[in-house]
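S.K.: Structure in C-alpha cells, see below.
Each value in this text was obtained by applying a stated rule to the coordinates, not by laboratory testing. As the structure is a prediction and not an experimental result, all values here were calculated from the model. Neighbour counts are summed over all protein chains in view; Cβ atoms, including those assigned to glycine, are modelled from backbone coordinates with ideal geometry.
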Amino acid sequence: MTNSENTPNVISLTNTTTPALLLDRDRLEANAQRLARRVGMLGGVLRPHVKTHKCVDIARVVQSAGHTRGITVSTLREAEHFFDNGFGDIFYAVGISPNKFDQARRLIAKGCVLSVTLDSPEMAQQLATYGTNAGITFPTIIELDTDGHRSGVDPEGDALLEIGRLLHELDGVELRGVMTHAGESYHCDSAEALLAMARLERDRTVAAAKRLREASLPCPIVSIGSTPTAFAIDDLGGVTEVRAGVYAIFDLVMANIGVCTPDDIAFSVLVTVTGHQRSKNWIITDGGWMALSRDRGTASQRVDYGYGAVMDVRGNRLPLLMTGANQEHGIISPATADERIDYSAYPLGSQLRVLPNHACATAAQYDTMTVIEQGTPTGVWKKISGW
Ligand SMILES: Cc1ncc(COP(=O)(O)O)c(C=O)c1O
C-alpha cells in the first residue's frame with residue numbers, strides 16, 4: 001500500500017495553491033544515502049527518526065538507503081500511523097506518561113514491537129503496575145542525560161541502577177537498554193567540537209550499559225544519536241543503533257552547524273509574490289510564519305537566515321532572505337543591506353521557494369507535500385500531524 005496520491009494530471013507548480021511544502025526527492029535520496037553509507041562504514045545500524053517529516057513515503061526512501069533497523073517516533077500518533085503502514089519495529093523516544101499507557105498498550109496488543117522510554121523510578125513503577133494489570137509487558141529503555149540538554153538520568157548516578165532493577169524485576173515491564181540524544185550538538189559549529197560531543201554521547205552511553213551489565217542487568221540496546229553527532233562519530237564500538245532524523249531533509253540550522261550545505265536541503269516552501277514595497281526594498285509574499293514557522297534557530301548561529309533563505313522556483317539560490325513574518329505575509333529583503341531589489345525579476349503572482357531554518361517545525365504546518373524530481377513535480381505525498 002502506498003501513501004502517495006497518484007494525481008492523474010500533470011502537476012504544475014503554477015497551479016499549486018500557495019504556500020505549499022515541496023520535497024526535492026533527489027536531495028532526499030542523496031541525504032539518506034550519505035548517512036547510511038557513513039554509519040554502514042562504521043559497522044553500525046540506523047534507527048531513523050520520522051519526526052521531521054512524519055511521512056511514510058519518505059521513511060521508505062530512507063529505509064531503502066540501507067543500514068536501517070526499525071524507526072524512531074516522537075509521538076504515539078506517529079507510531080500508530082507508521083505501524084498501520086508496515087513499520088513494525090518502533091521506538092517511542094519521548095518519556096512516557098500514564099495518560100499514554102493505554103495508547104501504547106493498544107499498539108503492542110496489535111503486534112507492534114514498540115519500545116518506550118522513561119527516566120524515573122516512579123514512572124517505571126507506574127508502567128509496571130499498569131502493564132501487570134493489563135497483562136502486557138512494555139519493552140522499556142532508560143533515557144540518559146549525557147550532555148545536560150534536557151531529560152534523562154545521570155549515566156553515573158544511582159537512579160540508573162535503581163530504574164534498571166525495577167524494570168528487570170517487576171512484572172509488566174522489561175529492561176531493554178539505554179538511550180540518549182546529544183541535543184547540545186546543535187550548539188557546536190566546528191568539526192572538533194562535534195567530534196568531542198559525539199564521543200561524549202557514545203562514551204557515557206556505553207559506560208552506562210556497562211554499569212547495568214556489571215550489576216547483572218540486561219542491556220541489549222545501546223542507542224545514541226542526533227544528526228550532528230551521527231555524522232561526527234568515528235567509532236561505534238558498544239553502540240547498537242544510531243538515531244537521527246533531520247539528516248534526510250536537512251535545514252539551515254544544520255547548514256550552519258556544518259553537516260550540510262543549503263543546497264542539500266530537501267524541503268522548501270513555495271510562496272507567491274503578492275506585493276512590492278518599493279520604498280522599503282521589500283517583496284511581500286503569501287508565506288508568513290504559518291507557512292515557515294516562527295523558528296528563528298539561525299538567529300544565534302554563524303549566518304542568520306531570518307525566517308529562511310530564498311530560491312527561485314527551479315531551486316536556485318537568490319541573494320534574498322525572508323526577513324520578516326506575519327501570520328500570512330512574508331517579507332523578503334536583499335541578503336546584503338545595500339542591494340536594491342530588481343522588481344522586474346519578481347513580478348506580482350510569480351513564485352519563490354523558501355528554505356526553512358528548522359525542517360521539523362516548517363513541515364508541521366502541512367498535510368501534504370509536492371514531490372519534485374529533477375526539477376519536475378511528480379506527485380503528492382501525505383504526512384500526518386498531531387499526537
Ligand atoms: C530522542 C531523539 N532521538 C533522535 C533525534 C534525532 O535528532 P536529529 O533531529 O538531530 O536528527 C531526536 C531529535 O530531536 C530526538 O529527540
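S.K.: What does the net charge come to around residue 376 if you take all other residues with beta carbon closer than 13 Å to its beta carbon, with K and R at +1 and D and E at -1?
M.R.: On the way: positive: 25, 314; negative: 24, 26, 373.
Once all neighbours under 13 Å are counted, the net charge is -1.
S.K.: Name the residue farthest towards the positive end of the dipole of the chain from the options 356, 44, 121, assuming +1 on Cβ of Lys and Arg, -1 on Cβ of Asp and Glu, about the Cα centre.
M.R.: Of 356, 44, 121, it is 356.
S.K.: Also, quick follow-up: Using θ = phi - 60° and the Karplus relation 6.51 cos²θ - 1.76 cosθ + 1.60, list the HN-Hα couplings for region 219-229 in order, rounded to whole Hz, with x at every Gly or Pro.
M.R.: 8, x, 10, 10, 10, 10, x, 7, 4, x, 6
S.K.: Let me spell out the model: positive unit charges on the Cβ of Lys and Arg, negative unit charges on the Cβ of Asp and Glu, origin at the Cα centre of the chain. What dipole size does that give, in debye rounded to 20? Display every interim value, and only then the final one.
M.R.: On the way: 36 positive and 44 negative charges, 133 e Å.
Computed charge dipole of the chain: roughly 640 debye.
S.K.: Longest exposed-loop-site-free stretch of the chain, with GluC sites (Glu not before Pro), DSSP loop and at most 14 other Cβ within 10 Å? Walk me through the numbers on the way to the answer.
M.R.: On the way: sites that count: 156, 328, 339.
Result, exposed sites excluded: 157-327.
S.K.: Another question about this same structure. Between 359, 335, 291, where does the largest GNM mean-square fluctuation fall for the chain, given springs only between Cα atoms within less than 10 Å?
M.R.: Checking each option, the largest mean-square fluctuation is seen for 335.
S.K.: Taking region 48-141 on its own, what percent of its Cα-Cα pair distances exceed 22 Å?
M.R.: Tail fraction, whole percent: 26.
S.K.: Among the listed pairs 100/382; 51/210; 100/210; 110/382; 51/280; 210/383, which have their C-alpha atoms separated by more than 32 angstrom in this model? Intermediate results must be reported in sequence, preceding the final value.
M.R.: Working: 100/382 25 Å; 51/210 30 Å; 100/210 30 Å; 110/382 24 Å; 51/280 38 Å; 210/383 39 Å.
Those over the limit are 51/280; 210/383.
S.K.: If one takes the longest principal axis of the Cα atoms in the chain, at what angle in degrees, from 0 to 90 and to the nearest 10, does the Cα axis of helix 25-41 lie?
M.R.: Helix 25-41 sits at roughly 30 degrees to that axis.
S.K.: Using the Cα atoms of the chain to build a convex hull, what is its mean projected area in square nanometres? The partial results should precede the final answer.
M.R.: Numbers: hull surface 77.1 nm².
Answer in nm², one decimal: 19.3.
S.K.: May I ask what percent, to the nearest 5, of DSSP beta bridges between residues of region 210-331 are antiparallel? Walk me through the numbers on the way to the answer.
M.R.: Working: 11 of 14 bridges.
Beta bridges within region 210-331, antiparallel portion: roughly 80 percent.
S.K.: Give me the aspartates and glutamates in straight-line cross-link reach of residue 54: C-alpha distance below 14 Å, same-chain residues under 8 apart excluded.
M.R.: 78, 80, 84, 367
S.K.: Can you give the FRET efficiency to the nearest 0.05 for residue 189 and residue 364, using r as the Cβ-Cβ distance and R₀ = 41 Å? All intermediate terms of the calculation are to be shown ahead of the outcome.
M.R.: Numbers: r = 25 Å, r/R0 = 0.62.
That gives a FRET efficiency of 0.95.
S.K.: Still on this structure: Neighbouring Cβ atoms within 10 Å as the yardstick, rank 332, 11 fewest first.
M.R.: Numbers: 332 28, 11 15.
Placing the least packed residue first, the sequence is 11, 332.
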